[in-house]
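The structure under discussion appears below in the form of structure tokens.
Nothing in this text is a laboratory measurement; each read-out follows from the coordinates by a stated rule. Computed from a prediction, not measured in an experiment: that's the story for all the values here. Heads up, the Cβs are rebuilt from the backbone with ideal geometry, glycines too, and the neighbour counts pull from every protein chain shown.
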Amino acid sequence: MSFNWGTGSRARMQGIHPILILFADRVLAYSEIDLTIPWMGGFRTAEQQRKIFLSGASRLNGYDKKSYHQTGMAIDIVIAGSTIEEMYNVHKLDYLNRISKIVWGEMVDEGLNVFGDYEYRMTFGCDWKSFKDRPHYQIKAI
């Protein structure tokens, strides 16, 4: 089965680093589950990040502690669905994280983690010890 990003997901990818867009496209192509980029899952302003912080969904307030989303170096990918429970289903997100690691490994093997003068490393929010953020993927130049 083949899925495509909807217009909303594509719009939420505006301002995201090209490597993350390629990563998201390849994850979607690999997935047997339809995916989406959730509200605020792409680039965020400081005020948008602050709202997420105030809701309790982030530990970063957007000003003193900035999110990778504020630099276009992070993206959230969730399961396409009409309810929060569907979109953030832990078992399906665990599947998504397994295939995401395969996709990133393939991109590294193909040299697709290099952009301009920089090589990028992926951090998977599912691997964080103190705050698991299963839908979160971020890159950093190394």
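Only one of (1) 23; (2) 18; (3) 30 was calculated from the structure for percent of Cα pairs over 26 Å apart, and its label is (2). Using the Cα centre of the chain as origin and beta-carbon charges of +1 (Lys, Arg) and -1 (Asp, Glu), tell me which of 30, 63, 97 is placed farthest towards the positive end of the dipole. It is 63, whose Cα lies furthest towards the positive end. Counting only residues at least eight positions apart within a chain, or on another chain, the aspartates and glutamates with an alpha carbon under 17 Å from that of residue 66 are 47, 76, 133.
Overall, the range 7-141 carries a charge dipole of about 540 debye about its Cα centre when +1 sits on the Cβ of Lys and Arg and -1 on the Cβ of Asp and Glu, all other atoms neutral.
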